[in-house]
1. For every helix of n ≥ 4 consecutive DSSP H residues, a contribution of -39,500 (n - 2.57) applies; sum these over the chain, divide by its total residues, and give [θ] at 222 nm rounded to the nearest 500 deg cm²/dmol.
2. Enter the accessible area of Met216 (Å², nearest 10), with the probe set to 1.4 Å and all protein chains included.
3. So how long is each side of the chain along the principal axes, counting just the alpha-carbon atoms, biggest first, in Å?
4. Rounded to whole Hz and in sequence order, give me ³J(HN,Hα) for region 205-211 from the Karplus expression 6.51 cos²θ - 1.76 cosθ + 1.60, θ = phi - 60°, writing x for Gly and Pro.
5. Just want to confirm a number: the relative contact order over the chain, from Cα pairs under 8 angstrom separated by 6+ residues, in percent.
6. Of all the accessible heavy-atom surface of the chain, with the other protein chains kept in place and a 1.4 Å probe, what percent is carbon and sulfur?
7. Using a simple charge model, +1 on the beta-carbon of Lys and Arg, -1 on the beta-carbon of Asp and Glu, nothing else, what dipole does the chain show about its Cα centre, in debye to the nearest 20?
8. Report the charge-dipole magnitude of region 1-85 in Debye, nearest 20, computed about the Cα centre from +1 at each Lys and Arg Cβ and -1 at each Asp and Glu Cβ.
Amino acid sequence: MPLILVVEDELELAEITEAYLRREGYQTERAGDGKRALELYRVVKPDLVLLDIMMPKLNGLEVLKTIRQDGQTPVIMLTARAEDDDKLYGLELGSDDYIVKPFNPREVVARVKAVLRRSSQTLESDRLRVGKLEIHKEQARVSFANRAIELTPTEFRLLVCFAEAPGRVFNRLELLEASMPESEALERVVDAHLKNLRKKLENVGADTLIETVFGMGYRLVHHG
């Protein structure tokens, strides 16, 4: 069963969250501060991280930055901050979803299931090719001109959405439903994920692959 790393300094809340996850069959590990979270992350190699932002020793955003430098493990942020800008900042750093405190532990379990499903879901017709872009959906591998691109699960699903319909213009809501279907995230979060995706594409020479269609949305441009 998947292993969930719960990073939360409020002991009672962490214990309750773990209890609900274990009841659903998940394995759990717990860290009470950011430094311990990174130590455990490297040792246990979790399938998903539930990460509180306000943490002692090292805050959740710093932990997330390090996780994203090491790999693409799915991360759900837990935050008492309800402001949209704070949510967007976490998403820009590469989190796959967020939950605002106080929350119902059942909601946490539902979001964990949703993000794990998004990150591991096998899609039909495994291979997609659009010009120099190549996507292997079962292995979640992407390359452009034979140069590998490391994407988060949400970025990957966004790119698949574009690649399955080259030239089609997608609005924010359509992209949100394609990449984060069970999330209650705002449509604006798509901009944060697209910004990260475009940056990674730019690093391999594909900076014009995704085009903004002003007033309408975004599309993948097939350059041949």
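The values are calculated or read from the model by the stated rules, or taken from the named source; none is laboratory data. Treat the numbers as computed from the prediction; the structure is a model and nothing was measured. Cβ sites come from the backbone with ideal geometry, for glycine too, and all protein chains shown count toward neighbours. Remember, those area values only see protein heavy atoms, side chains included, never the ligands or the DNA or RNA. Shrake-Rupley method; radii C 1.70, N 1.55, O 1.52, S 1.80 Å.
1. Mean residue ellipticity, 222 nm, calculated: -13000 deg cm²/dmol.
2. That residue has around 120 Å² of solvent-accessible surface.
3. Principal extents (Cα only, largest first): 56, 34, 30 Å.
4. x, 10, 5, 9, 5, 9, 10
5. Worked out over the chain, it gives 15 percent.
6. Whole-percent figure for carbon plus sulfur exposure: 47.
7. Around 720 debye, computed over the chain.
8. The dipole magnitude comes to about 400 debye.
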